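The structure appears right after this line, and notes come after that.
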Amino acid sequence: MLLNSAIWTAYIALFVFLARKGQGHDIARSGKVSFVVQAFAYVATYISAVALVGFGGLAHAYGLQIMLVAIGNVVLGTWVVYKFFSWPTRQWQKRLGARTPTALLALGHNSPALKNFLALVFLVFLGVYASAVLKGAGLLFLELLPIPLWAIIWGLALLVGVSVYIGGFRGVLYTEAMQGVVMFLGMALLIGAVISKVGGPVEGIRSLAALAPTAKATNGFAALSGGGQGLFVLSLVFVTSVAVWAQPQMIQRHFAVSSPQQAGRTAPLAMAVLTIMVGGTYFAASLSRLFLPEQASPDAVMPKLVHMLLPEFGLHLFVLAIVSASISTATALFHIAASAFSEDLSGGKMGKAGWLMGIALCVVISASCAQLEGQFIALLCTTSWSMVGATALVPYIALVRFNVQNGPAALASAISGFTSCLGWYLLAYKPTALVSPIFGADWAAMPPFFVGMVFSLAGFGLTLALAGKKEDALVEEA
């Protein structure tokens, strides 16, 4: 009991101390931050409780093929990002004087309409997505505290809001880095316990490969499934590893990079942490199939493993790790959503009053939505990355990688990507359609992010082509 209390006391004290490191700094600026802080902050922002608990449960059901998601996160979601996007993003941000990711894209493409559209999308979708993150943390706290869920959620929302208000971007980076370390330690403890339980990694893989195939692991637990199940796994790789490129909370992490050399030092550390934390978690969850029977809910797998394999202090450390994953994501989401409201939509540099209003709005939206049960709210929460990625990815890549600046094309791309992705979720994608899917079974399995990207690219390309023809016509007339 004393050890558990000490763990939580130390966590809260360190969180408060690090949040205060942003005091006296510009809310939107980080100041000089080491590559170690940047690496752990990137991982903590990237990996939420959904990834550790939800995808861990999927690894139990699908086997080692879920390791492809971890590989994608490390290679596409981290190495490619720091190799091709990090420093160019920072250069554009400095050149334009952009204070937010929304402003970066809007100023880069010289489109006030794009700024307003992106700010609204980020405010709504990231604000509501934060509700799912907070609710996940609240449900875990119920394992330890005899407090009503609604009170825990409001308490967490206020904690996150106060820390973001006090610390700004700099404080968010430091608290995220601390939470990244806690996540690493907590998951490492569980990974070691599972691997020990099955007799080591080699024996575990051998035993897992000997299990009979199931409906989800159609080719066994050590191979990629065929048909729709395999397509589902590959879509998870793409959505979690490519859509992340244009998530505003991830773009903002590059604003803290001071040089190409620092970006080069950050990437290997972030990749190593992700490999152990995410790769190790999915590997251990896959091996747990050897001693934990199939579960009705994938979300129940990781908590059951903790109760089965870890001592009491281990339970507290695991809960602390998942809570850290939730809070680190929530702080990043709050900062982006509040900035969208108080600076991007208002059209001026945010002051203390505007910043407070933005934070308060995030607290109210996230905590209120977390109390609701509704399909549309759940849809917004679970599809945020796809929606935001389909909206912002093409304009972002066009700007920072190809130096293409075109306001009408960027706006057309964002609107077409957003509407097509949302429409596919609501009308055509079988798991989320509000009515019977309007297309056949093959189309109903198509991930909405793919659809959104096709329409986003088409919107950008067609608008550029029409603009080119218009310019040619004007030249001929002249």
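Okay, residues lined up against (1) charged (D, E, K, R); (2) in contact with a helix residue (DSSP H, G or I) (Cβ under 8 Å, 6 or more places away or on another chain); (3) modelled with pLDDT of 90 or more; (4) under 20 Å from residue 45 (Cβ atoms):
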site: 320; (1), (2), (3), (4): no, yes, no, yes
site: 324; (1), (2), (3), (4): no, yes, no, yes
site: 334; (1), (2), (3), (4): no, yes, yes, yes
site: 342; (1), (2), (3), (4): no, yes, no, no
site: 349; (1), (2), (3), (4): yes, yes, no, no
site: 356; (1), (2), (3), (4): no, yes, no, no
site: 360; (1), (2), (3), (4): no, yes, yes, no
Test residue 106 against the stated conditions and say whether it is of a type outside the set (Asp, Glu), at pLDDT below 95 and part of a helix (DSSP H, G or I).
-> no
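Restricting attention to segment 186-205, does a residue exist that is within 29 Å of residue 309 (Cβ to Cβ), in a helix (DSSP H, G or I) and basic (Lys, Arg)? I'd like the intermediate steps shown before the answer.
Of segment 186-205, the ones within 29 Å of residue 309 (Cβ to Cβ) are 186-205.
When the remaining residues are screened for being in a helix (DSSP H, G or I), the result is 186-197, 201-205.
Now drop any that are not basic (Lys, Arg), which leaves 197.
Yes, some residue in segment 186-205 is within 29 Å of residue 309 (Cβ to Cβ), in a helix (DSSP H, G or I) and basic (Lys, Arg).
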The lone exception for residue 423 - which of (1) in a helix (DSSP H, G or I); (2) over 13 Å from residue 386 (Cα atoms); (3) of a type outside the set (A, V, I, L, M); (4) without any contact (Cβ under 8 Å) to a residue 60 or more places away in the chain it fails = (2)
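Among the listed residues 127, 72, 77, 22, which satisfies the condition of being surrounded by 24 or more Cβ atoms within 10 Å (Cβ to Cβ), of a type outside the set (Ser, Thr, Tyr) and at pLDDT 95 or above? Walk me through it before giving the result.
Working: 127 fails: at pLDDT 95 or above; 72 fails: surrounded by 24 or more Cβ atoms within 10 Å (Cβ to Cβ); 22 fails: at pLDDT 95 or above.
Just a single option satisfies the conditions, and that option is 77.
Every residue, every condition in (1) in contact with a Cys (Cβ under 6 Å, 6 or more places away or on another chain); (2) among the acidic types (Asp, Glu); (3) in the same structural domain as residue 254 (by TED's automatic domain parsing); (4) surrounded by 21 or more Cβ atoms within 10 Å (Cβ to Cβ), yes or no:
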| residue | (1), (2), (3), (4) |
| --- | --- |
| 403 | no, no, no, no |
| 421 | no, no, no, yes |
| 452 | yes, no, no, yes |
| 461 | no, no, no, no |
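Using the structure shown, decide if residue 409 is over 20 Å from residue 241 (Cα atoms) and either in a helix (DSSP H, G or I) or without any contact (Cβ under 8 Å) to a residue 24 or more places away in the chain (or both).
Numbers: over 20 Å from residue 241 (Cα atoms): yes; either in a helix (DSSP H, G or I) or without any contact (Cβ under 8 Å) to a residue 24 or more places away in the chain (or both): yes.
It is true that residue 409 is over 20 Å from residue 241 (Cα atoms) and either in a helix (DSSP H, G or I) or without any contact (Cβ under 8 Å) to a residue 24 or more places away in the chain (or both).
If a residue counts only when it is at pLDDT 95 or above and over 29 Å from residue 319 (Cβ atoms), which helices (runs of 4 or more DSSP H) contained entirely in segment 224-305 have at least 3 such residues?
Ranges flagged: 260-274.
Given the options 175, 218, 266, name the one that is surrounded by fewer than 22 Cβ atoms within 10 Å (Cβ to Cβ), among the β-branched types (Val, Ile, Thr) and touching a Ser or Thr at 6+ places or on another chain (Cβ under 8 Å). Even if it seems obvious, please write down each step before you answer.
On the way: 175 fails: surrounded by fewer than 22 Cβ atoms within 10 Å (Cβ to Cβ); 266 fails: surrounded by fewer than 22 Cβ atoms within 10 Å (Cβ to Cβ).
Answer to the check: 218.
The values are calculated or read from the model by the stated rules, or taken from the named source; none is laboratory data. The model shown is predicted, which means the values in this text are computed figures rather than measured ones. Glycine also receives a Cβ, built like all others from the backbone with ideal geometry; neighbour counts cover every protein chain displayed.
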